[in-house]
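Step one of this worksheet: look at the structure below.
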Amino acid sequence: MKNIFFVTVLFAALISFSLSADASVFRGGDINENYSYENLELEEKGKNKKRCYLRGTIINNSGEQKKKVRIIFHALNIHGELLWKLKVNISKIDQYGKFEFRKKISAKKCDEQKPDRWRFEVKEPKKKVIESSGKSFLWGEINENYSYKDLKFERVKKGRKTKCYLK
């Protein structure tokens, strides 16, 4: 009877160890329609594993080059509660290109707060509208379902900022 108990405890310990080791590696998935990730991993370095990093690869799935992108990684536990978050700034990523990153996080997050899943937030700069103050567009077609009539850009100056509005 003691042998069965010992084997059961040993087997349970091995399973829990293998599950906890795999919990810090995420092979791949989608961030949103434009981005995905590969090999997200918590990496411990240094003496007594005092330094911890989140590393991985971000892939641009869109057909255009992106600049000044910020992706915020929200680390969640099994209940969906936020453990911590980390911001990754990408200055430039080519169309269908990859961006490898390695960001330092606190050692406590590596030891005690390993995520079970992720939530992502993507921030990109807004696209600028080509301004033309006073230029008028009398009539035109946007696509086969919509057209426009009497559009005009108006430039408004407030202090040091100039904004352009579509009337």
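The values are calculated or read from the model by the stated rules, or taken from the named source; none is laboratory data. Everything numeric in this text was worked out from a predicted model, so none of it was measured. We place every Cβ from the backbone using ideal geometry, glycine too, and count neighbours over all the protein chains shown.
Some points to look at:
- Figure legend. Inter-residue proximity from segment 109-131: first residues closer than 21 Å to I93 by Cα, second residues modelled with pLDDT under 70, beta-carbon distance below 6 Å, spacing 6+ or different chains. No pairs are indicated.
- Selection status of K87, at pLDDT 90 or above, assigned to a strand (DSSP E or B), within 20 Å of G29 (Cβ to Cβ) and in the same structural domain as Y53 (by TED's automatic domain parsing): yes
- Scan of segment 51-68 for residues that are in a loop (DSSP other than H, G, I, E, B) and small (G, A, S), ordered by number: S62, G63
Table: residues versus (1) surrounded by fewer than 12 Cβ atoms within 10 Å (Cβ to Cβ); (2) touching a Phe, Trp or Tyr at 6+ places or on another chain (Cβ under 7 Å); (3) among the hydrophobic types (A, V, I, L, M, F, W, C); (4) at pLDDT below 85.
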site: K103; (1), (2), (3), (4): no, yes, no, no
site: V122; (1), (2), (3), (4): no, yes, yes, no
site: K127; (1), (2), (3), (4): yes, no, no, yes
site: E141; (1), (2), (3), (4): yes, no, no, yes
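- Close pairs from segment 30-46: first surrounded by fewer than 18 Cβ atoms within 10 Å (Cβ to Cβ) and part of a strand (DSSP E or B), partner modelled with pLDDT of 90 or more and among the small types (G, A, S), Cβ under 8 Å, at least 6 apart: D30/S36; E38/G56; N39/G56; E41/G56
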